Amino acid sequence: MKVLVVYYSMYGHILQMAQAALEGVKEAAGVEPVLRRVREFEDIERDIPNHEHALAVWNRQKDIPVCTLDDLQAADGYLFGTPTRYGNMTAQMKRLFDSTVKLWLEGAFEGKPAGVFTSTASTHGGQETTSLSMMPPLLHLGMIIVGVPYSVPGMLHTEGRGGTPYGASTVAGARNELQPAPEDLAIARALGRRVAEVTRKLRG
Ligand SMILES: Cc1cc2nc3c(=O)[nH]c(=O)nc-3n(C[C@H](O)[C@H](O)[C@H](O)COP(=O)(O)O)c2cc1C
């Protein structure tokens, strides 16, 4: 039984959150964790060497395999992670969702659990809207949405950081200068574990 963590990250925050979610998946016995990145647009990939920070992050993740339709089909559960772009998911992640028509027609995702995670530059920059805007496509595909309950430590807080019931999240800073708080990574890990445990119950 496979749980797939699929993410897109330009400046590394969602990469860290994806790695935390993957650790959570590993905590669930009998589940194989799989990490994939979302394919980059060709024009952006060509431009990355001109941006020091983005290049450093690119070099950290370029060997992580790009997510294919076969990867999506083979998985029993999913975690999807994307930075916020104008309160929504990235176009790169949306392109992946929009490429699933053949699998949608086959009902390949029906009954499979999925959780989401995101990051924003600012505290109120759209963590909830991005997580919620990822859910309609996942529901159209027949997936069962898994959120983060308030029993997860660190969820009930008033600091400027992440952690929402709709999905894990973090704050990157206006110049991407912040790092995910330990609590944000712990919530991503808890979500990964929860998706894996639900996957095992539903698909085992
Ligand atoms: C085109 C564009 C739109 C963005 N829109 C938002 C936004 O609506 N709200 C926000 O807080 N941050 C916004 N950001 C900042 C990104 O969310 C931030 O760089 C990202 O969360 C960092 O994730 P990463 O390190 O994984 O790439 C935007 C960035 C870009 C390039």
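Structure notes:
- Residue satisfying all of: in the range 97-116; part of a strand (DSSP E or B) and among the aliphatic types (A, V, I, L, M); surrounded by the fewest Cβ atoms within 10 Å (Cβ to Cβ) among these: Ala114
- Listed by first and then second residue, the pairs linking a residue in the range 85-103 that is of a type in the set (Gly, Ala, Ser) to a residue that is modelled with pLDDT of 95 or more, with Cβ atoms under 6 Å apart and 6 or more places separating them unless they lie on different chains, are Gly87/Gly126; Gly87/Thr129.
- The residue of the range 120-156 that is nearest to Leu178 (Cα to Cα), among those that are in a loop (DSSP other than H, G, I, E, B) and touching a helix residue (DSSP H, G or I) at 6+ places or on another chain (Cβ under 6 Å), is Gly154.
- In the range 141-158, the residues that are closer than 30 Å to Val101 by Cβ reach residues that are among the aromatic types (Phe, Trp, Tyr) and not in a loop (DSSP other than H, G, I, E, B) with C-beta atoms within less than 6 angstrom, at least six apart or across chains, in these pairs: Leu141/Trp104.
- Residues in the range 57-80 that are in contact (Cβ under 8 Å) with a residue 24 or more places away in the chain and over 27 Å from Leu141 (Cα atoms) were compared, and the one that is surrounded by the fewest Cβ atoms within 10 Å (Cβ to Cβ) is Arg60.
- Among the candidates Ala186, Ala114, Ala121, residue that is touching a residue at least 12 places away in the same chain (Cβ under 8 Å) and more than 24 Å from Ala91 (Cα to Cα): Ala186
- Residue selected from the range 30-55 under the condition free of Cβ contacts under 8 Å to residues at least 60 places away in the same chain and in a loop (DSSP other than H, G, I, E, B), by the criterion surrounded by the fewest Cβ atoms within 10 Å (Cβ to Cβ): Phe41
- Note on the range 3-14: residues that are under 13 Å from Thr170 (Cα atoms), outside any loop (DSSP other than H, G, I, E, B) and either more than 7 Å from the ligand (Cβ to nearest atom) or more than 9 Å from the chain's Cα centre (by Cα) (or both) total 1.
- The range 62-96 - residue that is part of a helix (DSSP H, G or I) and under 25 Å from His124 (Cβ atoms) and, of those, farthest from the ligand (Cβ to nearest atom): Lys94
The values are calculated or read from the model by the stated rules, or taken from the named source; none is laboratory data. Keep in mind that what you see is a predicted model, and the values were worked out from it rather than measured. Neighbour counts are summed over all protein chains in view; Cβ atoms, including those assigned to glycine, are modelled from backbone coordinates with ideal geometry.
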